[in-house]
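Undergrad: Sharing a structure here in structure tokens format.
Only the coordinates and a few stated rules stand behind these numbers; no lab work does. Just so it is clear, the structure is predicted and the values come from calculations on it, not from any experiment. With ideal geometry, Cβ positions are generated from the backbone for all residues, glycine too; neighbour counts draw on all protein chains shown.
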2 protein chains.
Amino acid sequence: MKRRLLLVCRFFGRDVKRVLFVPYALHDRDAYTKTARDKFSTLGGGNTFRLLKSLYDNEVLTEIRRRVLEDGVPYMGSSAGTNVATVSISTTNDMPIVYPPAFAAIGLVPFNINPHYVDPDPGSRHMGETREQRITQYHEETDTPCVLGLREGSLLLVEGNTASLLGTTKARLFTRGKPPVEYDPGSDLSCLLTR
Amino acid sequence: MKRRLLLVCRFFGRDVKRVLFVPYALHDRDAYTKTARDKFSTLGGGNTFRLLKSLYDNEVLTEIRRRVLEDGVPYMGSSAGTNVATVSISTTNDMPIVYPPAFAAIGLVPFNINPHYVDPDPGSRHMGETREQRITQYHEETDTPCVLGLREGSLLLVEGNTASLLGTTKARLFTRGKPPVEYDPGSDLSCLLTR
């Protein structure tokens, strides 16, 4: 927890006075904001469809993109907040509980992320698709070349033209038409930004 | 496998000559149809968003509803095929790889199903929401009162005004504003049809 808080502070910078928290992903926004304020280190996610729909409904999607890409305001997302920062929410794990006007998201980076990435469990009786199969299905439908599978414990830091994998777990990169590749913590993933 | 095939044959009836297979949920429809024809007992699912979008794009959604509800043609769905038979696809586990014109589905029954239902794993390091939490989020957004969580190994047989749980595993029923209830195989779930 302490380590995560340190990372958060370093990300936003010493001199930051205010952080805008977007509580759209959970139903009870006041309670969610209070939790975030009280315990900045346990940033939850919520539902990606609800978050994206609210960003559209409140007409803030374009404004967030502009503020981050043009003015350099730092953006931090966790789970649903990560999904909406990418090209689209098409690689979320969440249930489609509400219908957003599109799946296209803020588009701060030119690829998609699958948060909470899990490896197949060979002992499982579960008959549903594995996460990897689901991402392969996504690649059948879209031109977005890359999906980064972020396991619990890892994060992607993007600054200008550089991207690096931080944290304690490997990440799995799915590129359309190629075999998946594993990256260790500390890896330079800047290549993702130019594809 | 044999047992499942028997169930399938009993469901469609002795005299059935032809079964319409809807292969929209997988990318390679010809291969999927061939698999289904060769091995009728291993009915796979595919992606729910792709299936629903194709039902809309090919304008067959209303026709399927009419044929089933008015003409009594038997409908069988597995995984994605189960999701599209209910009120909406809002309780699918699949990734939103394509954007359908709505989440409303064929609506053969007045409730939703969550296929491949899994119980929380207390030993897991996974930080994403549990399946139960996801269904609770759905209930925050909609008036559809019930979601039936079908674990691997169970199926719901609906005939006229009766519904029964068949198979070898329990099912978990989520009713809006009430605690979840477990049902044993063999349970009468006809109450679901009148809510």
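Undergrad: Rounded to the nearest 500 deg cm²/dmol, what is the calculated helix-only ellipticity per residue at 222 nm for chain A, with -39500 (n - 2.57) per DSSP H run of length n ≥ 4? List each step's numbers first, then the result.
TA: Working: 6 runs with 55 residues, N = 195.
Taking each H run of at least 4 residues, the total per residue is -8000 deg cm²/dmol.
Undergrad: Rank the residues B:Thr82, A:Thr144 as a footprinting-exposure proxy: fewest other Cβ atoms within 10 Å of their Cβ go first. All intermediate terms of the calculation are to be shown ahead of the outcome.
TA: On the way: B:Thr82 22, A:Thr144 18.
So the ranking, lowest neighbour count to highest, is A:Thr144, B:Thr82.
Undergrad: Output the relative contact order of the stretch A:1-108, whole-number percent, from Cα pairs under 8 angstrom with separation of 6+ residues. Mind showing how you got there, number by number?
TA: Values: 125 pairs, mean separation 29.4, N = 108.
Relative contact order, the stretch A:1-108: 27 percent.
Undergrad: Assume the label is 7 Å from Cα along Cα to beta carbon: what separations in nm does B:Lys34 have to the matching positions in the other copies?
TA: The answer, with the shortest distance listed first, is 6.1 nm.
Undergrad: Could you tell me how many degrees, from 0 to 90 and to the nearest 10, lie between the Cα long axis of helix A:2-12 and the main elongation axis, the longest principal axis, of the Cα atoms of chain A?
TA: 70 degrees
Undergrad: Can you pull the three principal axis extents for the Cα set of the stretch B:71-162, in Å, largest first?
TA: Dimensions of the stretch B:71-162 along the principal axes of its Cα atoms: 49, 31, 25 Å.
Undergrad: So, how do all the Cα-to-Cα distances of chain B break down into 10 Å bins, in percent, from 0 on up?
TA: Spelled out bin by bin, chain B gives 8, 35, 39, 16, 2, 0 percent.
Undergrad: Report the FRET efficiency, 1/(1 + (r/R0)^6), for B:Gln133 and B:Asp71, where r is their Cβ-Cβ distance and R0 is 35 Å, rounded to 0.05. Walk me through the numbers before you get to the answer.
TA: Values: r = 40 Å, r/R0 = 1.14.
The formula returns an efficiency of 0.30 here.
Undergrad: Next up: For the stretch A:149-195, what is the convex hull volume of its Cα atoms per residue in Å³?
TA: Values: hull volume 2.8 nm³, N = 47.
In the stretch A:149-195, the Cα convex hull volume per residue is 60 Å³.
Undergrad: Turning to a different aspect of this structure: Greater than 31 Å separation of Cα atoms is the criterion. Which listed pairs, A:Lys34/B:Lys178; A:Lys34/B:Lys170; A:Lys178/B:Lys53; A:Lys17/A:Lys53, meet it? Don't skip to the answer; put the middle values down first.
TA: Details: A:Lys34/B:Lys178 26 Å; A:Lys34/B:Lys170 38 Å; A:Lys178/B:Lys53 27 Å; A:Lys17/A:Lys53 28 Å.
Flagged as over cut-off: A:Lys34/B:Lys170.
Undergrad: Hey, if you drop one equal point scatterer on each alpha-carbon of the stretch A:1-108 and run the Debye formula without solvent, what base-10 log of I(q)/I(0) do you get at q = 0.12, 0.20, 0.24 Å⁻¹?
TA: -0.41, -1.13, -1.47
Undergrad: Can I ask one more? Quick one: which residues, 5 or more positions from B:Ala163 or on another chain, have an amide H under 5 Å from its amide H? H modelled 1.01 Å from N in the peptide plane, none for Pro or chain starts.
TA: B:Leu189, B:Ser190
Undergrad: Taking the Cβ-Cβ separation of A:Ala104 and B:Thr169 as r and a Förster radius of 45 Å, what is the calculated FRET efficiency to the nearest 0.05?
TA: Details: r = 39 Å, r/R0 = 0.86.
With a Förster radius of 45 Å, E is 0.70.
Undergrad: If I take R0 = 35 Å and measure r between the Cβ atoms of A:Leu193 and B:His126 in this structure, what FRET efficiency does the formula 1/(1 + (r/R0)^6) give, to the nearest 0.05?
TA: Numbers: r = 28 Å, r/R0 = 0.81.
Given R0 = 35 Å and the Cβ-Cβ separation, E is 0.80.
Undergrad: Label-to-label distances across copies for A:Val73, with labels 7 Å out along Cα→Cβ, in nm, shortest first?
TA: With the label placed 7 Å along Cα→Cβ, A:Val73 yields 5.3 nm.
Undergrad: List, shortest first and in nm to one decimal, how far the label point of A:Phe21 (7 Å from Cα along Cα→Cβ) is from its counterparts in the other copies.
TA: 5.2
Undergrad: Any idea what diffusion coefficient the protein assembly as shown gets from Stokes-Einstein, in µm²/s, Kirkwood Rh on alpha carbon pairs, 25 °C, 0.890 mPa s? Before the final figure, lay out the partial values.
TA: Values: Rh = 22.4 Å.
For these conditions, the coefficient is 110 µm²/s.
Undergrad: Quick one: Debye curve from the C-alpha atoms of the stretch A:66-116, no solvent, what's log10 I(q)/I(0) at q = 0.16, 0.19, 0.20, 0.21 Å⁻¹?
TA: One equal scatterer on each Cα of the stretch A:66-116 leads to -0.45, -0.62, -0.68, -0.74.
Undergrad: Same structure, new question: What ³J(HN,Hα) values, in whole Hz, does the Karplus curve 6.51 cos²θ - 1.76 cosθ + 1.60 give for the stretch B:158-164 when θ = phi - 60°, with x put for Gly and Pro?
TA: 10, 9, x, 9, 10, 9, 9
Undergrad: Turning to a different aspect of this structure: Points 7 angstrom from Cα along the Cβ direction at A:Glu182 and B:Asn58: gap in nanometres?
TA: 4.1 nm
Undergrad: Another question, then. Averaged over its residues, how many other protein chain Cβ atoms are within 10 Å of peptide B:21-28's Cβ atoms?
TA: Numbers: counts 0, 0, 0, 0, 1, 2, 5, 1.
Mean partner-chain Cβ count within 10 Å for B:21-28: 1.
Undergrad: About its Cα centre, how strong a charge dipole does the stretch A:1-108 have in debye, to the nearest 20, once Lys and Arg get +1 and Asp and Glu get -1 at the Cβ? Walk me through the intermediate numbers first.
TA: Numbers: 16 positive and 10 negative charges, 119 e Å.
With Lys and Arg at +1 and Asp and Glu at -1, about 580 debye.
Undergrad: Gaussian network model of chain A, Cα springs within a sub-10 Å range: biggest mean-square fluctuation belongs to which of A:Met127, A:Met76, A:Met95?
TA: Maximum fluctuation in the GNM of chain A, among the listed residues, is at A:Met127.
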